[in-house]
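The values are calculated or read from the model by the stated rules, or taken from the named source; none is laboratory data. What you are looking at is a predicted structure, and each value in this text was computed from that prediction instead of being measured. Here the Cβ positions follow ideal geometry from the backbone for every residue, glycine too, while neighbour counts run over all protein chains shown.
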Amino acid sequence: MNTSLIRMENIHKDFGKVHALRGVDFEVRPNEVIGLIGDNGAGKSTLIKILSGVFPYTKGKIEIKGQRISPRQYSATKAHKMGIETVYQEQALGLKQSLWRNIFLGRQLTNRAGFIQMKKVRSETDYIMKDFLGFTGGGVSPDSRVSTLSGGERQGVAIGRAMYFEADLIILDEPTRALSVKEVNKVLGFIQQVKDRGKSCVYISHTISNIYSVSDRFVVMDRGKTVGRYNRTDISEKDLTDELIHHSATAELAEQRKRLNSKRDK
Amino acid sequence: MDLSNMRVRSNQLHLAAVMKYRRQLSLFVITLLIIVLFMITSPRVFLRPNIYLSFLTTVPFVGVMALGITVVLVTGEIDLSFPAVMAFSGYVFATLYELTGSVLLGLVGCIATGGMAGLCNGLLITKIGIPSIVVTLGMQFLLRGSTHVLAAGFQKVLRGVVDRPLYAIFVGKVGGVVPAQALWFAFLAVCMWLLLFRHKFGDHVLFVGDNENTARMMGINVDRTKILVFVLMGVLAAFAGLLDSMRMRTWWPTMGEGYMMTTFATVFVGGTSMFGGEGTILGTFIGAFLIGSLEAGIVAAGLTGFWTQFIYGLIILIAVTLHAVFRRREGI
């Protein structure tokens with residue numbers, strides 16, 4: 001029986017001579033939140049971009065809902081169709097546009113002639129904001145411009161959009177970077193909402209304390225490989241932090257050694 | 001109880017509409033104030049209906065193109081070729097009419113020419129990746145030059161065009177009073193508003209101008225959107241050329257020269273910004289009449305033509321400053 005939502009096996013990705021990923025195994029099961037952690041350059045973002053169809057991969061095998069994906073046919077649009085939505089920090093929102101335009105962008109509710117069904121779009125946006133996101137009052141309406149929202153609320157709109165369109169997996173790439181503590185809590189609340197609705201989430205962050213509180217499992221990456229897998233029940237927040245620091249330190253040492261070697265060679 | 005609640009709600013709705021369109025409303029008030037000022041400085045001209053009918057006769061040519069430029073600016077692009085497109089398409093219209101005697105055939109050829117010019121602009125901008133200001137500057141010279149070469153500098157008199165039914169439809173007087181081109185301008189303004197703010201295509205235009213990356217990530221075909229906007233601009237410029245030739249019953253090779261600056265003045269005074277992602281059709285519509293009334297008013301006030309440009313400049317700078325201040329307050 002195949003219970004995984006996503007199964008990636010032995011994924012390699014080369015950018016010219018640089019081996020960004022060197023045999024990554026990664027799995028997401030239904031209704032779980034995975035915290036993907038690792039230092040800069042560990043390959044987290046590359047892995048995510050492969051999963052969301054932005055980069056093709058060099059070698060390996062990907063299955064989504066038990067269906068084998070061929071790297072040539074896979075794309076961002078295909079990923080959307082298969083229920084995978086990626087939320088990048090602020091990037092997929094038009095700041096000067098209203099909430100309803102942002103939520104329905106690319107999937108507008110229109111009549112046959114292509115005219116937008118305003119009533120429906122406004123009421124659905126209202127529903128998404130109140131029921132999915134818990135925005136209550138505060139002067140935010142479907143016609144509010146995204147530029148008037150706070151950083152955390154903007155993340156919320158992107159997450160709400162993904163949930164509304166029935167994504168099975170929502171990938172959040174550093175969603176809390178540059179947010180205040182209060183805003184971070186909002187985003188963590190949105191992630192909890194995703195889980196409560198039976199969907200899965202991959203959450204990438206540097207901040208272990210954030211990731212620890214919402215994730216069911218952790219995957220640690222280091223220099224293009226997955227080097228650790230833990231259930232939250234098996235590891236304390238402190239041990240997880242130590243684990244990450246340990247990998248960063250060895251990565252730094254390796255880097256220094258490489259630099260020394262190349263100097264000596266010269 | 002319920003009724004009073006509903007009244008409160010409807011008042012709130014009115015207030016929201018006022019707030020939403022406050023920039024356009026203030027522009028409208030400014031236009032009225034300027035006209036009142038002209039009524040004081042030259043009552044003989046501005047207290048009679050003739051001057052207003054003459055605005056309705058002349059404003060639509062610039063106005064129709066200003067509608068197109070508004071959409072182009074929303075995309076975050078610019079078009080400098082439209083006056084030449086207007087002249088070149090007008091030439092095609094005049095020539096086809098001259099050869100076949102058919103207004104309809106001329107019309108089809110004219111619009112198709114404008115669309116083709118826009119298509120060339122759009123393809124060079126998106127597929128080759130040349131900035132729109134550069135492409136359309138080149139296109140401006142190319143088409144203006146072609147027009148002069150083809151027409152050898154001569155104008156074309158459209159004999160007998162006055163008697164054609166299409167003449168009445170495009171530039172006749174509706175009810176013997178209102179110039180038909182003014183109604184066309186109003187009709188196209190409504191169409192452009194619907195297209196930009198109520199149609200899926202307009203949604204794509206807004207996002208392409210706001211943030212191309214966002215549009216692309218959400219699966220919008222950015223190139224196709226831009227190309228279609230330039231085709232639309234070409235078609236509108238051609239239509240303006242058609243209207244202007246018909247009204248004058250003559251096509252002339254320098255047609256459209258001098259329209260460039262007034263068109264941009266109209267759009268900027270109207271409140272559309274250079275930065276893309278937003279724009280106002282209503283503002284452009286009012287702006288066209290504001291800019292159109294300025295020149296007449298200044299001349300009627302007895303000031304020399306030299307003053308025209310000075311006052312133009314003044315009004316434009318005041319208007320765009322106000323728009324920028326409003327915009328900052330709205331947090332855009």
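Points worth noting:
- Taken together, the residues in the stretch B:124-145 that are in contact (Cβ under 8 Å) with a residue 24 or more places away in the chain and more than 16 Å from B:Phe82 (Cα to Cα) amount to 2.
- Residues that are aromatic (Phe, Trp, Tyr) and surrounded by 14 or more Cβ atoms within 10 Å (Cβ to Cβ), drawn from the stretch B:162-217: B:Tyr167, B:Phe170, B:Trp184, B:Phe185, B:Trp193, B:Phe197, B:Phe201, B:Phe207
- Filtered residues of the stretch B:191-218 (kept if modelled with pLDDT under 90, part of a helix (DSSP H, G or I) and either out of contact with any helix residue (DSSP H, G or I) (no Cβ under 6 Å at 6 or more places or on another chain) or facing chain A (nearest Cβ under 7 Å) (or both)): B:Asn213, B:Thr214, B:Met217
- Counted residues, the stretch B:41-83 - those being within 15 Å of the chain's Cα centre (by Cα) and of a type outside the set (Phe, Trp, Tyr): 23
- Restricting A:Val194, A:Val202 to those that are under 21 Å from A:Pro30 (Cα atoms), β-branched (Val, Ile, Thr), more than 12 Å from chain B (Cβ to nearest Cβ) and part of a helix (DSSP H, G or I) reduces the list to A:Val194.
- Restricted to helices (runs of 4 or more DSSP H) entirely inside the stretch B:258-332, those with at least 3 residues that are within 14 Å of another protein chain (Cβ to nearest Cβ) are B:305-329.
- Number of residues in the stretch A:120-139 that are more than 22 Å from A:Gly189 (Cα to Cα) and either within 12 Å of another protein chain (Cβ to nearest Cβ) or hydroxyl-bearing (Ser, Thr, Tyr) (or both): the value is 2.
- Yes/no for B:Ile227 being more than 12 Å from chain A (Cβ to nearest Cβ), out of contact with any Pro (no Cβ under 7 Å at 6 or more places or on another chain) and without any contact (Cβ under 8 Å) to a residue 60 or more places away in the chain: no
- Checked against (1) within 30 Å of B:Val157 (Cβ to Cβ); (2) within 13 Å of chain A (Cβ to nearest Cβ), B:Phe185 passes all but condition (2).
- Filtered by the rule that a residue be small (Gly, Ala, Ser) and surrounded by 24 or more Cβ atoms within 10 Å (Cβ to Cβ), the stretch B:83-103 gives B:Ala84, B:Ala87, B:Ser89, B:Gly90, B:Ala94.
- Among the residues of the stretch A:65-88, those identified as more than 16 Å from the chain's Cα centre (by Cα) and more than 14 Å from every other protein chain (Cβ to nearest Cβ) are A:Lys65, A:Gly66, A:Gln67, A:Arg68, A:Ile69, A:Ser70, A:Pro71, A:Arg72, A:Gln73, A:Tyr74.
- For the stretch A:89-105, the set of residues classified as more than 7 Å from every other protein chain (Cβ to nearest Cβ) and within 30 Å of A:Lys119 (Cβ to Cβ) consists of A:Glu90, A:Ser98, A:Leu99, A:Trp100, A:Asn102, A:Ile103, A:Phe104, listed by residue number.
- Filtering the stretch A:112-152 to residues that are small (Gly, Ala, Ser), buried (at least 16 other Cβ atoms within 10 Å of the Cβ) and either in contact with a Phe, Trp or Tyr (Cβ under 8 Å, 6 or more places away or on another chain) or free of Cβ contacts under 8 Å to residues at least 40 places away in the same chain (or both) leaves only A:Gly152.
- The one condition in (1) closer than 19 Å to B:Ser132 by Cα; (2) within 14 Å of another protein chain (Cβ to nearest Cβ); (3) of a type in the set (Gly, Ala, Ser) that B:Ala237 fails to fulfil: (2)
- Residues of the stretch A:140-157 satisfying the condition of being within 10 Å of chain B (Cβ to nearest Cβ), assigned to a helix (DSSP H, G or I) and not β-branched (Val, Ile, Thr): A:Ser147
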